[in-house]
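Novice: Please read through the structure below; I'll follow up with questions.
The values are calculated or read from the model by the stated rules, or taken from the named source; none is laboratory data. These figures come from a predicted structure and were not determined experimentally. For neighbour counting, all protein chains shown are included, and Cβ atoms are generated from backbone atoms with ideal geometry for every residue, glycine included. These area figures cover heavy atoms from the full protein model, side chains too; ligands, DNA and RNA do not enter into them. Shrake-Rupley method; radii C 1.70, N 1.55, O 1.52, S 1.80 Å.
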Amino acid sequence: APESGLYRARKWVRRNKTAVGASLLVAAALLVGFGYRSASDAYKEWRETERMNAFEVIARDPDTSVVTDAAVRERIKATGLPWKVKHKVSGIEMLLCPPGEFLMGSPESESGRIPSEALHTRTIRRAFYLSAREVSKREWRAMTGMDVGEFKGDDLPAELVSWLNVQEQFIAPSLGAFRLPSEAEWEYASRDGTTTPYSYGEK
């Protein structure tokens, strides 16, 4: 009988085992890679949706009496995210900080400055939310079921907590809704465009 295509293919594979094996590995890696990327992107989208579902939108656009700079208002709107949100469990109100640049560190003329605080431009590449004020005792209790600190009054800040307290008792139960800001994010938000030694002035 004449040689079939299948017979010839089998013979070719037996003669070129190394090349065929390598090609199959590359093909499998590409399939796995594309599949992982797709699943990873889908998970990130789902996680972000879940995170945002923990909040209700208070204001989509910035209040012009609070965000007085028109250019900053446009940068906030450009993110496509709401300006002010409220956590459904704790009641914590969060404000959106858009991407931007600022001067981080201290000028050489500032008294008490240490060498590692050299003035440099820092870029914040992704928008983030920061609570509008310190976490109150009421808000801490709503998230953890516990009282902390010595202040008397539900609206006063939750104080005398360690970094570990915050991670284990407050952030972990929030299931990704909260995290601590980085030093750069904190300074960027509190400075709000100011260039004086302190966010509130010269002294």
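Novice: Give the dimensionless ratio obtained when the Cα radius of gyration of segment 136-178 is divided by 2.2 N^0.38 Å.
Specialist: Relative to the rule-of-thumb radius for its length, segment 136-178 sits at 1.08.
Novice: Here is a further query. Return the aspartates and glutamates within reach of LYS203: Cα separation strictly under 19 angstrom, same-chain partners fewer than 8 residues apart disregarded; answer none if there are no such residues.
Specialist: The reachable aspartates and glutamates, counting only those whose Cα sits under 19 Å from LYS203, are GLU108, GLU110, GLU117, GLU187, ASP192.
Novice: What number, in percent, do you get for the relative contact order of the chain if the mean sequence gap of Cα pairs under 8 Å and at least 6 apart is divided by its residue count?
Specialist: Relative contact order for the chain comes out at 14 percent.
Novice: Only helices at least 24 Å long along their axis, Cα-based, and averaging -1.0 or more on Kyte-Doolittle count here, so list those DSSP H runs from the chain.
Specialist: Helix filter hits for the chain: 17-53.
Novice: A further question on this structure: Averaged per residue, what accessible area in Å² does the chain show with a 1.4 Å probe, protein chains only?
Specialist: Counting only protein heavy atoms, the per-residue value for the chain is 70 Å².
Novice: Please list the non-local residues whose amide H lies under 5 Å from the amide H of ALA132, H modeled 1.01 Å from N, same-chain partners needing a gap of 5 or more.
Specialist: Counting only residues 5 or more places away or on other chains, the set is GLU93, MET94, LEU95.
Novice: Can you spot the lysines whose alpha carbon is less than 23 Å from LYS44's alpha carbon? Ignore those fewer than 8 places along the same chain.
Specialist: LYS77, LYS84, LYS86, LYS88
Novice: For VAL72, what charge total do you get from the other residues with a beta carbon under 13 Å from its beta carbon, if Lys and Arg give +1 and Asp and Glu give -1?
Specialist: Combined, the nearby Lys, Arg, Asp and Glu give -2.
Novice: Right, next: Given the alpha-carbon gyration tensor of the chain, what are the semi-axes of its equivalent ellipsoid in whole angstrom, ordered largest first, with each equal to the square root of 5 times an eigenvalue?
Specialist: 51, 25, 19
Novice: Moving to a separate point now. What is the Cα centroid distance between segment 46-101 and segment 122-136, reported in whole angstrom?
Specialist: Centre-to-centre distance over Cα atoms comes out at 10 Å.
Novice: By accessible area of protein heavy atoms, probe 1.4 Å, what ranking do LEU96, LEU6, LEU119 get, highest first?
Specialist: My answer, sorted largest first, is LEU6, LEU119, LEU96.
Novice: What percent of all Cα-Cα pairs in segment 109-203 falls in each 5 Å bin, counting up from 0?
Specialist: 2, 10, 18, 18, 16, 15, 12, 8, 2, 0
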